[in-house]
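First up is the structure itself, then whatever we jot down about it.
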Amino acid sequence: MRRITFAAMGAVVALGLAACSGGGAGSTDDSTGAASGDKGDLTVGVAMPTQTSERWIADGDAVKSGLEKAGYKVDLQYAGDDIPTQQQQIDQMITKGADLLIIASIDGTALANQLQAAADAKIPVIAYDRLIRDSENVDFYVTFDNYKVGVQQATSLLTGLGVLKADGSPGDKKGPFNVELFAGSLDDNNAHFFYKGAMDTLQPYINDGTLVVKSGQTDIEQVATLRWLQETAQKRMEDLLTSTYSDGSKVQGVLSPYDGLSRGIITALQNAGYGPGIADGMPIVTGQDAEIASVKLINDGVQWSTIFKDTRKLADQSVKTAEAFLKGGTPEANDTESYDNGVKVVPSYLLSSDIVGKDEIQPLLIDSGYWTADEVASGQAG
């Protein structure tokens with residue numbers, strides 16, 4: 001996933017100009033603080049979880065670009081999905097004198113010591129897209145409305161099955177439909193919000209028999225996917241087909257919270273004789289992140305949908321939040337109630353997301369400059 005500001009490259013420049021002019025969210029031009037001074041002397045440490053997903057590579061690049069255009073030095077590190085590596089990287093950022101930290105955590109419960117060290121050094125900490133838990137030393141959280149993302153995923157599943165129409169009104173199909181449920185990694189706080197939003201939406205249809213979870217696996221602990229790994233999702237889907245659908249029954253829908261998992265699920269289904277596309281019997285499979293390989297699958301009629309979280313907006317807001325802190329001000333929050341990390345409610349800025357099916361690829365992804373038509377056709381980032 002590639003992400004920076006609201007409208008691709010031109011907006012990145014605009015972001016830099018806005019940030020340089022003191023327009024950070026909630027900042028005031030006369031604010032002072034420990035970090036105030038020449039921007040070129042200030043360093044922001046950016047800790048990203050992994051480079052195995054195009055999403056996090058692009059997020060790191062987007063945040064780094066926005067901060068550098070705003071005039072700050074940036075120390076960007078990827079941890080290879082290894083918790084001790086991320087802990088060490090953050091320790092080093094603090095030791096080297098970072099003035100602010102932006103952290104997308106691997107395990108939201110594993111950074112208490114690093115956050116305490118940052119607090120002792122008076123270094124503000126912004127949690128990026130994943131809430132950091134069990135610490136009072138999280139100053140701000142920038143993310144999407146993750147409960148709503150789950151609602152959107154479930155709504156898209158219902159629409160694909162024909163239970164709902166695109167406008168949300170009742171559809172023509174009454175079921176029952178066999179569906180299976182997947183969730184993300186339990187150590188990622190977002191996974192719980194996604195799943196709660198989805199299940200709050202699906203549960204009435206499960207209760208009235210429209211949807212049947214034939215495996216019986218509905219608790220998040222049963223359906224979670226450690227580290228969001230594609231191969232883990234593929235293996236679980238294969239196991240479900242063997243254990244639950246060997247009687248000749250068919251899966252008709254799969255709630256998947258992330259495109260990487262969706263591709264693993266689709267591979268398992270195709271290997272079992274489903275498809276190759278929806279028109280040929282592939283179940284309705286949802287997703288998230290608008291990864292280019294999955295956007296191609298949607299365009300080709302294989303995957304039903306994804307959720308587009310335009311993290312150009314996320315990077316934009318992160319830079320504005322950082323700017324406010326570095327000027328000694330207070331960042332703008334639009335949610336001060338939802339995100340309790342176990343110790344405190346973390347002030348947050350929530351961004352909106354969109355459902356993308358085949359008809360939305362052009363207006364939401366191509367016209368906005370997020371992906372090009374050639375990239376969608378090839379399934380590869382240029």
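Observations on the model:
- Computed extension length for residue 280-residue 116: 53.6 nm, one decimal, from 0.36 nm per residue of separation with the Cα-Cα distance subtracted.
- Once the Cα gyration tensor of region 221-361 is diagonalised, semi-axes √(5λ) in Å: 37, 18, 11
- Peptide ranges 244-257, 146-159, 164-177 listed from the most packed, as the mean C-beta count within 10 angstrom indicates: 146-159, 244-257, 164-177
- Cα pair distances in the chain, grouped into 10 Å bins until the bin that holds the longest one, percent each: 5, 24, 32, 23, 12, 4, 0, 0
- Lys/Arg +1, Asp/Glu -1 at C-beta; the chain dipole; positive extreme among 119, 131, 379: 379
- Basic side chains Lys and Arg get +1 at the Cβ, acidic Asp and Glu get -1 at the Cβ, and with that the dipole of the chain about its Cα centre reaches some 380 debye.
- Value at 222 nm in deg cm²/dmol, rounded to 500, when DSSP H runs of n ≥ 4 in the chain each add -39,500 (n - 2.57): -12000 deg cm²/dmol
- Diagonalising the gyration tensor over the Cα atoms of region 158-294 and scaling each eigenvalue by 5 before taking the square root yields semi-axes of 20, 18, 15 Å, largest first.
- Cross-link reach list, lysines versus residue 122, counting only Cα pairs under 21 Å and skipping chain neighbours closer than eight places: 39, 73, 96, 320, 327, 344
- Heavy-atom accessible area with a 1.4 Å probe sorts 235, 296, largest first, into 235, 296.
- Antiparallel DSSP beta bridges within the chain, as percent of all bridges there, nearest 5: 20 percent
- Model label sites at residue 358 and residue 82, defined 7 Å from Cα along the beta-carbon direction, differ in position by 4.4 nm.
- Normalising by residue count, region 147-191 has a Cα convex hull of 68 Å³ per residue.
- Of 174/309; 214/296; 69/296; 173/235; 173/250, pairs whose Cα-Cα distance is over 26 Å: 174/309; 214/296; 69/296; 173/235
- Accessible-area composition of the chain, carbon plus sulfur, in percent [1.4 Å probe]: 49 percent
- log₁₀ of I(q)/I(0) at q = 0.20, 0.22 Å⁻¹ - region 289-382, Debye sum with one point per alpha carbon: -0.90, -0.99
- Here residue 378 and residue 174 are evaluated by their C-beta separation; at R0 = 41 Å the FRET efficiency comes out at 0.55.
- In this structure the chain gives 39 Å² per residue of accessible area when probed at 1.4 Å with all protein chains present.
- Annotation: extensible slack from residue 208 through residue 38 equals 55.0 nm (criterion: 0.36 nm per residue apart, minus Cα-Cα distance).
- In summary, the helical segments of the chain meeting the span-like criteria, namely a full DSSP H run, a Cα extent along the axis of 15 angstrom or more and a mean Kyte-Doolittle hydropathy of at least 1.0, are 8-20.
- In region 49-106, the trypsin sites (Lys or Arg not before Pro) that fall in loop regions by DSSP, at most 16 other Cβ within 10 Å: 96
- Shape metrics for region 71-216, restricted to C-alpha atoms - Rg then Dmax, Å: 20.4, 62
- Averaging 1/r across all pairs of distinct Cα atoms in region 67-156 and inverting the result yields a Kirkwood radius of 14.1 Å.
The values are calculated or read from the model by the stated rules, or taken from the named source; none is laboratory data. A quick note: this is a predicted structure, and the numbers were derived from the prediction, not measured. No Cβ is skipped: glycine too gets one built from the backbone with ideal geometry, and neighbour counts run over all protein chains shown. Each accessible area value is taken on the protein alone, full model and side chains, heavy atoms only, with ligands, DNA and RNA left out. Shrake-Rupley method; radii C 1.70, N 1.55, O 1.52, S 1.80 Å.
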